[in-house]
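The values are calculated or read from the model by the stated rules, or taken from the named source; none is laboratory data. Predicted, not measured: the structure shown is a model, and the values here were computed from it. So basically every Cβ, Gly included, is an ideal-geometry build from the backbone, and we count neighbours across all protein chains shown. With ligands, DNA and RNA removed, areas are computed over all heavy atoms of the protein, side chains included. Shrake-Rupley method; radii C 1.70, N 1.55, O 1.52, S 1.80 Å.
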Amino acid sequence: MNLDLRAGEVHVLFGENGAGKSTLISIICGALAPTAGDVVLDGNVLQMSSVKDARDQGIAAVFQEFSLAPELTVEENMFLGAEVAQSGWLKKSRMRHAATQALAELGFKLDPGAIVAHLSRAECQMVEIAKAVMTDPRVLILDEPTASLTEAETNVLFALIERLKAKGVGMIYISHRIDEIRKIGDRVTVMRDGQYIETLDARTATKTELVESMTGRSFGDFYPKLNFRPGDPVLSIDGLATLDGRVSDVSLNVRAGEIVGLAGLVGCGKSEIGRACFGLEALASGEIHFAGERLRHPQPRHLIQKGMNFVPSDRMREGLLMGRSTRENLSLSALFQKEFSNRGFLRRKREVKFANEMGERIGVRPLRIEGAVSDYSGGNKQKVMLGRAIASPLRLLILDEPTIGIDVGAKAEVYALLSELVQDGMAVLLISSDLPEVLSMSNRVYVVRQGHIADELVAERKTEDVALKSFFGQE
């Protein structure tokens with residue numbers, strides 16, 4: 001692999017999940033040592049044995065999988081490893097002031113004293129960015145930095161990138177969003193199978209050129225053509241409110257054979273609606289009916305056995321058993337079935353056969369069913385999480401940001417799988433911050449604003465313009 005970065009440019013690193021992008025940036029930022037070859041900064045070969053060594057050289061990274069300490073505050077995370085101290089005592093007021101000022105300059109509306117564990121994924125992304133920028137880097141690596149951000153928050157980040165470019169900071173930017181690449185990128189280097197393919201001009205390279213270079217194959221239609229045949233309601237919600245107040249008076253329904261979307265700004269409550277249906281948020285009032293049964297106290301174990309499953313947005317903290325094998329993760333939600341257990345004993349051969357078949361079906365590459373799932377790329381982790389969700393007999397699948405941080409080829413595979421499931425009569429509740437995705441894939445879209453349903457978009461009203469106006473409460 002070869003890559004050169006110029007001062008004051010945004011150099012996009014583009015490739016499929018598993019192409020080697022994360023390994024490459026782990027080497028550049030000191031987390032991994034190269035087997036061969038050199039990392040050269042200003043003509044000097046760098047010898048780095050840790051991330052701190054790289055940071056001391058002016059190299060900072062914002063990884064797709066967050067590296068925050070969840071029980072510490074925002075400001076404590078921002079200064080982690082670089083605390084301000086005098087005579088052995090932390091200067092907390094000075095750090096609080098600096099953190100507040102830095103967040104304000106970045107345009108991030110965060111409380112420096114907030115505990116990171118209580119933040120949304122988008123807010124954690126902002127903390128990671130602030131933490132990296134505060135080191136005053138010469139080289140900044142951004143791995144899918146907008147994956148959890150709204151359009152407004154993305155624009156704030158892009159303005160920051162322009163300021164850093166003007167200061168001469170070189171940035172390696174990883175993204176699968178081609179419109180985004182054209183907007184802020186200067187050059188694009190394509191990787192495939194761990195190797196350099198080519199470097200293109202970001203503003204003149206077409207979507208077809210980029211995707212065909214990335215995959216080595218021609219690219220067809222991105223979103224599948226879906227012919228919905230809605231049947232009876234599978235999920236009905238009436239007057240739902242959560243105990244934390246993030247959701248109030250929500251009513252909606254999802255029918256068999258259709259995808260229903262939930263769209264809205266980050267923090268609007270759309271994720272909490274899905275989580276409440278699956279028993280992950282405490283209910284204050286309202287009714288949830290699933291498959292003709294009222295769910296008075298929803299519990300994930302009971303719901304999985306009844307035919308409902310949920311894919312969370314945070315695969316690291318909630319979605320996967322990171323220290324366990326791919327086999328165990330893929331089969332986890334299916335083990336209650338008699339096919340896999342007999343009088344409390346696991347039928348291992350059947351489980352292995354099932355995991356292999358499911359891994360092939362969802363396109364995990366390379367498939368290592370006995371390898372730790374933590375060793376996979378972000379896209380493969382996402383596929384494993386989706387495979388586990390469909391492992392048990394399903395009537396309803398709730399997906400929260402199902403394509404976050406995965407490449408266009410993997411997205412197309414996920415969309416094709418959803419199309420297959422819906423054609424077989426399954427109901428899908430799709431929660432997504434990717435507006436083109438939720439509009440293109442859904443039969444109907446509910447817009448969530450400030451914890452309640454602000455609008456339902458169907459037919460000719462299911463457009464980006466109408467959705468965005470509803471996001472902000474405009475007529």
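Give the peptides 289-300, 262-273 in descending order of average Cβ contacts within 10 Å, highest first.
262-273, 289-300
Any idea what angle helix 92-106 forms with the longest principal axis of the chain, computed on alpha-carbon atoms, 0 to 90 degrees, nearest 10?
80
Kirkwood hydrodynamic radius for region 222-472: how many Å is it when counted over pairs of different Cα atoms?
18.5
Net charge within 13 Å of D56 by Cβ-Cβ distance, Lys/Arg positive one each and Asp/Glu negative one each, not counting D56 itself?
Working: positive: K52, R55, R138; negative: D53, D136.
Every neighbour counted, the sum reads +1.
Distance cut-off 24 Å, Cα to Cα: go down the list K131/K207; K21/K165; K131/K469 and report the pairs above it.
Long pairs (Cα-Cα over 24 Å): K131/K207; K131/K469.
In Å², what does the accessible area per residue of the chain work out to with a 1.4 Å probe?
Details: 21550 Å² over 475 residues.
For the chain, the solvent-accessible area averages 45 Å² per residue.
Summarise the long-distance tail of P(r) for region 1-103 by giving the % of C-alpha pairs beyond 21 Å.
Beyond 21 Å sits 49 percent of the P(r) for region 1-103.
Within a Cβ distance under 10 Å of M426, other residues only, what is the Lys/Arg minus Asp/Glu net charge?
-2
If N is the number of residues in the chain, what value comes out of its Cα radius of gyration divided by 2.2 N^0.38 Å?
Dividing the Cα radius of gyration by 2.2 N^0.38 Å gives 1.00.
Need the C-alpha centroid separation for region 254-310 versus region 22-53, integer Å.
45
State, to one decimal in nm, how far the label point of R203 lies from the label point of E456, with both points 7 Å from Cα in the Cβ direction.
Between R203 and E456, the simple spin-label model gives 4.6 nm.
Take the alpha-carbon centre of region 115-137, take the same for region 167-201, and report the distance between them in whole Å.
So the separation of the two Cα centres works out to 23 Å.
Label 7 Å along Cα→Cβ of N2; region 26-69 residues with amide nitrogen under 14 Å?
37-38
Could you state the angle between the C-alpha long axis of helix 348-362 and the longest principal axis of the C-alpha atoms of the chain, as a value from 0 to 90 degrees rounded to the nearest 10?
70
As I understand it, the value is the acute angle between the Cα axis of helix 121-133 and the longest principal axis of the Cα atoms of the chain; what does it come to in degrees, rounded to 10?
Long axis of 121-133 versus the principal axis of the chain: about 0 degrees.
Highest first, please rank the peptides 247-256, 38-47 by the mean number of other Cβ atoms sitting within 10 Å of their residues. Could the numbers behind the result be given before it?
Numbers: 247-256: 19.6, 38-47: 11.2.
For the peptides 247-256, 38-47, the packing ranking is 247-256, 38-47.
Evaluate the charge dipole of region 58-118 about its Cα centre and quote only its size in Debye, nearest 20, assuming +1 on the Cβ of each Lys and Arg and -1 on the Cβ of each Asp and Glu.
260
Report the gain in length on full extension from R368 to M322: 0.36 nm times residue separation, minus Cα-Cα distance, nm rounded to one decimal.
Taking 0.36 nm per residue and subtracting the Cα distance, the gain is 15.1 nm.
Which semi-axes, in whole Å and largest first, does the equivalent ellipsoid of region 10-220 have when worked out from the alpha carbon gyration tensor as the square roots of 5 times its eigenvalues?
Values: eigenvalues 191, 85, 44 Å².
Here the semi-axes work out to 31, 21, 15 Å.
Note the full-extension length gain between D465 and Q299 as 0.36 nm times their separation in residues minus their Cα-Cα distance, in nm to one decimal.
56.0 nm
Tell me, what % of the accessible area of region 222-472 is carbon and sulfur with a 1.4 angstrom probe?
C and S fraction of accessible area: 48 percent.
Give me the extension gain from A104 to D193: residue separation times 0.36 nm, minus the current Cα-Cα distance, reported in nm with one decimal. Before the final figure, lay out the partial values.
Working: separation 89, 0.36 × 89 = 32.04 nm, distance 4.10 nm.
So the extension gain works out to 27.9 nm.
Given only helices, namely DSSP H runs of n ≥ 4 each adding -39500 (n - 2.57), what is the per-residue ellipticity at 222 nm of the chain, to the nearest 500 deg cm²/dmol? Don't skip to the answer; put the middle values down first.
Details: 16 runs with 158 residues, N = 475.
It lands at -9500 deg cm²/dmol.
With θ taken as phi - 60° and the coefficients 6.51, -1.76 and 1.60, list the Karplus ³J(HN,Hα) couplings across region 38-47 in order, rounded to whole Hz; mark glycine and proline as x.
10, 9, 10, 10, 6, x, 9, 6, 8, 10
Can you tell me, using C-alpha contacts under 8 Å and at least 6 residues apart, the relative contact order of the chain as a whole percent? Walk me through the numbers on the way to the answer.
On the way: 888 pairs, mean separation 84.2, N = 475.
In percent, rounded to a whole number, it is 18.
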